[in-house]
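See below for the structure under consideration.
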Amino acid sequence: MMSCDFNSLTIHDLLEQLRSGETSSVEVVQGLIEAIGARDDDLKAYVSLDAEGALAQAQEADRKRAAGEDGLLLGVPIAIKDVLNVSGQPCTCGSQILQGYVAPYDATAIAKLRKAGAVFVGRTNMDEFAMGGTTENSSIQVTRNPHDLDYVPGGSSGGSAAAVGGGIAVAALGTDTGGSIRQPAAFCGCVGLKPTYGRISRYGLTAFASSLDQIGPMTHSVRDAAILLEAMAGVDPMDSSSVDQPVPDYTAALTGDLTGMTLGLPKEYFVEGVDAEVAASVRAAVERCRDLGAEILEVSLPHTEYAIATYYVIATAEASANLARFDGVRYGRRAEAGTDPIDMYGRTRAQGFGPEVKRRIILGTYVLSSGYHDAYYLTGQKVRTLIRRDFEQAFARCDAILTPVTPTAAYKIGEKVDDPLQMYLGDIFTATVNLAGNCAVAVPCGKTATGLPIGLQVIGPDFGEAQVLRVAHAYEQSGATS
Amino acid sequence: MSWVATIGLETHVQLHTESKMFCACCTGFGAAPNTHVCPVCLGYPGAMPVMNGKAIELTVRSGLMLSCEIPLYSKFDRKSYFYPDMPKNYQISQYDMPLCQGGGVDITVDGQHRRIELTRIHLEEDVGKSMHFKSSSGVDFNRAGVPLMEIVSEPDLHTPEEAMAYLAALKQILLYAEVSDCNLEEGNMRCDVNISIAPAGSDTLGTKAEIKNMNTFRGVQNAVRYEIARQIDVLESGGRIVQETRRWDPDTEMTSSMRTKEDAHDYRYFPEPDLMPVVLAEAQIEAWRATLPEPPAARRERLVSEYGIPEYDAGVLAADKRVGDFFEEAARASGNAKAASNWIMTEMLRLLGEQEMDIADVRVAPAALAELIGLVDGGALNSNSAKEVFAELFAEGGDPKAIVAAKGLTQVSDSGAIEGFVQQAIEENPQSVEDFRNGKTKAAKFLVGQVMRLSKGKANPKMVGEIIARLLS
């Protein structure tokens, strides 16, 4: 039996090996489970494994392949963030309040991956209900950065990032509400794509902020992100916010050069607050893109400075309603019966939610309260429109925009736990894109002197995934990433 | 001091759709608890609503029937409050941009016609049903997510009788529009009432109380009457009305406080991000308008002018669209509208009432009634036999001519045959013959009755009278 090196094994290469018969899905899944066993005690990327189920799926995939069938992901193991419903599996969302909940249905993205032949090995850790940027807000465990175990993997999809970056997943799914795919991808040295809002169905994604959430791939390569996107994209009758746009052949867009492309640099994004090493790496990446044939020009996104305030008004408002359903009545954890239902809710929610989730529910309840609704929520919606207009105007002049993913590389575990505002500011380059609704990909662009990965963000217009993947891929293939 | 009550009604009407508002679950009533449920209507993590286009159509239909304005753009919002019967702890409803605005309902109370203005009609999802057991409670979510239309009236009503007339007129119009079963017992029509009182002549309204839990029209009337009296009582004894929600208890026939303004919910409305706004095309609205039935009030007038039947008859026949349809078909086919109206009012509706049947289950076809009327009008059947035929039609359905033939009920108009029966009657009743000759009209009726008995009811009664007169003159 060959031994797989999951540190770099891509979906693309694995499929070639499976197609040539060099390896089998069962072998790969067994190898992966062993690798997880060896490494995850340190990383704590996974919150649950389904070895038995995964091996059965792998066997089925091998049987199909032997019978001459193939599929976009036939026999490929994918790690799933614990916020997506996979029929028959728990879905904790990193929370105590979903204790005992077993999903009765597949999210649409999961159903599509299942149909393409993917194998679901395990569920990855996350900040509770995707609220956080370090995965320290998980009520289950603290996940560590594979590049330095004293550092956070980012979040909220920190489990998926650590699994991919730490070589214990071939690829993973994350979700991104304000940067939760791109930021951990940058921190852990992998590729993370937040598709355009409506590109992938949200049905079955436990909602944090419904108008911002998107599912996306976290992978070892840009090509893998393109493969996974293609498998999951498309309109879904179960999600009214999904958009009926044709799904192109994303891998065909990966030409390796940037000739004829115009890339914008927002002048507001290279200012104070951005770590010098991060700025230098991103500037070097920009130069590399110029070498690859792109024209570089300065653009302006003037409302970016309001993005964090706007994001935390809108996201928490929606979250306060989305999380109201966790009341102990129909599923999950329930506190001992109290004097009346309201008392039972209060105690269930007090016990079941962690401090960051409570903070955001209270904030969201406040901004929607009568008397404050217009000043906060309504103003937030107006600013959101301005932010969207910023991007529309910028994309009238360029094909994609280059920025850092985050102002700094990963922080030490515990470093920012007591300073939520500082942590919120780390979302500045990513949350803006969620507010506008367009797409962006994070791709590694070097490391700090201490060896922590740095990420380059390529932002595209609505449904511009092919463009951003082309840029990220050309850059990645130019060999400048490590 | 004299007082004037001001009353506004919020009427909830479950729409008659096959599936729920935001999922494919069945809306059927009376199934075992929690059998018509799915991740969407149970508020499971990750589940998302998908709009039921039929519910939009039925709400717009209702709005058009009630002369509402139909904005081309409307949207859904989340209304947040915690309650065990609410799966998501927010209800998807419509806040500031409902599907229908304005409109009105015409009512008649004590011969006075009035138009009650509507504020709006919006669409939302129904909640589940809490059930309380000895030591625990349960929730049945079968009803959760059923499309529910809320029709809000202006505070434009002043008496319990007006409130009742408004509800009756509204129900009639909605039944005409075929948007709901409007069955109060099954809870698919419910209403909340806002009541305040103020001194007569005052131009400001008093503090209002909202009354809930009436499940019959009579209950609404009684609750309104009780609440007006209660509020007058409070004010006249020097007290103040507090803004509150009160519950009607149909057993004690009293209202009692549920919660005061201090406990009122802050619903924290915001646009539902999981649903797109509803954008209607003018052409679509017009296409729906084209399929609307004639409203009941217009039909009443037309039945009088077109068929020449009395206003009273028109009111009875138009009350239920299906009865009106039945009448018009029978009247047209028979060419005798008054006879059709009489048959329907005196026979058919009476039998339906006695047997607790719905017109939908009636076995008499309008064409059959028309044929029966034709047989009577053509002299082939006398009225007693016709009633027998109708009873048979009502019980079994079928064709009147075949029933007449099978029962041998064809009227005897053969003067020879009738003369035979008359001769026999004369011979058997000499006393009556004498009385008849002495001018006693009672005796004439008796002899006619004897002839009818001898002919087994088939003799043409008009001919019988003429022959008796001729033979005994």
Output for Cβ contacts, cut-off 7 Å, separation at least six or different chains, first residue under 18 Å from A:Thr448 (Cα atoms) in the stretch A:281-305, second open to solvent by 10 Å² or more (accessible area, probe 1.4 Å) and of a type in the set (Val, Ile, Thr), reads A:Val286/A:Ile296
Residue count, the stretch B:348-383, condition surrounded by 14 or more Cβ atoms within 10 Å (Cβ to Cβ) and in contact (Cβ under 8 Å) with a residue 60 or more places away in the chain, comes to 1
Counting only strands (runs of 3 or more DSSP E) entirely within the stretch B:145-223, those with at least 2 residues that are under 21 Å from B:Arg114 (Cα atoms) and touching a helix residue (DSSP H, G or I) at 6+ places or on another chain (Cβ under 9 Å) are B:147-153, B:189-199
ask   = Do we have any residue at all in the stretch A:256-271 that's more than 22 Å from A:Val405 (Cβ to Cβ), in contact (Cβ under 8 Å) with a residue 60 or more places away in the chain and part of a strand (DSSP E or B)?
value = no
B:Gly315 being open to solvent by less than 50 Å² (accessible area, probe 1.4 Å), in a loop (DSSP other than H, G, I, E, B) and over 30 Å from A:Pro237 (Cβ atoms): no
Selection from the stretch A:290-339 of residues β-branched (Val, Ile, Thr), buried (at least 22 other Cβ atoms within 10 Å of the Cβ) and closer than 21 Å to A:Ile97 by Cβ yields A:Thr316, A:Val329
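Condition check ((1) closer than 22 Å to A:Asp462 by Cβ; (2) within 14 Å of another protein chain (Cβ to nearest Cβ)) across all residues:
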residue	(1), (2)
A:Ser221	no, no
A:Met238	yes, yes
A:Ala252	yes, no
A:Gly273	no, no
Scanning the stretch A:240-250 residue by residue, those open to solvent by 30 Å² or more (accessible area, probe 1.4 Å) and either part of a helix (DSSP H, G or I) or away from chain B (no Cβ under 14 Å) (or both) turn out to be A:Gln245, A:Pro246, A:Val247, A:Pro248, A:Asp249
By my count, helices (runs of 4 or more DSSP H) wholly in the stretch B:355-473 with at least 1 residues that are in contact with a Ser or Thr (Cβ under 7 Å, 6 or more places away or on another chain) are B:366-377, B:400-407, B:415-428, B:441-454, B:461-472
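Kindly provide the set of residues from the stretch B:248-265 that are more than 34 Å from the chain's Cα centre (by Cα) and either away from chain A (no Cβ under 11 Å) or free of Cβ contacts under 8 Å to residues at least 24 places away in the same chain (or both), ordered by number.
Of the stretch B:248-265, the ones more than 34 Å from the chain's Cα centre (by Cα) are B:260-265.
Scanning the stretch B:248-265 gives B:Thr260, B:Lys261, B:Glu262, B:Asp263, B:Ala264.
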Please indicate, with yes or no, whether at least one residue in the stretch B:266-287 is touching a helix residue (DSSP H, G or I) at 6+ places or on another chain (Cβ under 8 Å) and part of a helix (DSSP H, G or I). yes
Of the residues in the stretch B:1-51, those that are assigned to a strand (DSSP E or B), within 23 Å of B:Phe82 (Cβ to Cβ) and either within 14 Å of another protein chain (Cβ to nearest Cβ) or more than 27 Å from the chain's Cα centre (by Cα) (or both) come to none
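Taking the conditions exactly as written (of a type in the set (D, E, K, R), in contact (Cβ under 8 Å) with a residue 40 or more places away in the chain, buried (at least 20 other Cβ atoms within 10 Å of the Cβ) and within 14 Å of chain B (Cβ to nearest Cβ)), does A:Arg360 satisfy them or not? Talk me through it step by step, then tell me what you get.
On the way: of a type in the set (D, E, K, R): yes; in contact (Cβ under 8 Å) with a residue 40 or more places away in the chain: yes; buried (at least 20 other Cβ atoms within 10 Å of the Cβ): yes; within 14 Å of chain B (Cβ to nearest Cβ): no.
In short, no.
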Filtering the stretch A:222-239 down to residues that are open to solvent by less than 10 Å² (accessible area, probe 1.4 Å) and either within 17 Å of A:Ala186 (Cα to Cα) or touching a His at 6+ places or on another chain (Cβ under 6 Å) (or both) yields A:Val222, A:Asp224, A:Ala225
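Quick one: which of A:Ala51, A:Ala61, A:Ala107, A:Ala67 is open to solvent by less than 10 Å² (accessible area, probe 1.4 Å) and under 25 Å from A:Gln17 (Cα atoms)?
On the way: A:Ala51 fails: open to solvent by less than 10 Å² (accessible area, probe 1.4 Å); A:Ala107 fails: under 25 Å from A:Gln17 (Cα atoms); A:Ala67 fails: open to solvent by less than 10 Å² (accessible area, probe 1.4 Å).
None of the other options fit; the residue is A:Ala61.
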Item to check | Hey, B:Ile173 modelled with pLDDT of 95 or more and within 18 Å of B:Leu148 (Cβ to Cβ) or not | outcome: yes
Item checked: Boolean, B:Leu275 is closer than 30 Å to B:Asn89 by Cα and open to solvent by less than 50 Å² (accessible area, probe 1.4 Å) -> yes
With the first residue restricted to the stretch A:403-426 and required to be within 14 Å of A:Glu136 (Cβ to Cβ), and the second required to be of a type in the set (S, T, N, Q) and crowded, with 23+ Cβ neighbours inside 10 Å, Cβ contacts under 8 Å at 6 or more apart or on different chains are A:Ala410/A:Asn145; A:Tyr411/A:Thr134; A:Ile413/A:Thr134; A:Lys416/A:Thr134; A:Val417/A:Thr134; A:Met423/A:Thr134; A:Gly426/A:Gln183; A:Gly426/A:Thr406
State yes or no: is B:Leu174 under 30 Å from B:Trp288 (Cβ atoms) and touching a strand residue (DSSP E or B) at 6+ places or on another chain (Cβ under 8 Å)? yes
Sole miss for A:Ala169 among (1) in a helix (DSSP H, G or I); (2) of a type outside the set (Val, Ile, Thr); (3) open to solvent by less than 10 Å² (accessible area, probe 1.4 Å) is condition (1)
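Under 30 Å from A:Gly460 (Cβ atoms) and aliphatic (A, V, I, L, M) - does that describe any residue in the stretch A:354-363? Steps first, please.
Of the stretch A:354-363, the ones under 30 Å from A:Gly460 (Cβ atoms) are A:360.
Of the ones still in play, those that are also aliphatic (A, V, I, L, M) are none.
Within the stretch A:354-363, none of the residues are under 30 Å from A:Gly460 (Cβ atoms) and aliphatic (A, V, I, L, M).
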Only unsatisfied item for A:Phe353, checking (1) closer than 30 Å to B:Val40 by Cβ; (2) within 24 Å of the chain's Cα centre (by Cα); (3) surrounded by fewer than 20 Cβ atoms within 10 Å (Cβ to Cβ), is (3)
Expected output for the stretch B:81-106 (first residue within 30 Å of B:Gln284 (Cβ to Cβ) and outside the structural domain of B:Gly46 (by TED's automatic domain parsing), partner open to solvent by 50 Å² or more (accessible area, probe 1.4 Å) and of a type in the set (S, T, N, Q), Cβ below 9 Å, 6+ apart or cross-chain) is none
Scanning the stretch B:74-93 for residues that are facing chain A (nearest Cβ under 7 Å) and at pLDDT below 95, the one least open to solvent (accessible area, probe 1.4 Å) turns out to be B:Pro84
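The values are calculated or read from the model by the stated rules, or taken from the named source; none is laboratory data. Here the structure is a predicted model, which is why all the values come from computation and not from measurement. We place every Cβ from the backbone using ideal geometry, glycine too, and count neighbours over all the protein chains shown. Keep in mind that these areas ignore ligands, DNA and RNA; they rest on the heavy atoms of the full protein, side chains included. Shrake-Rupley method; radii C 1.70, N 1.55, O 1.52, S 1.80 Å.
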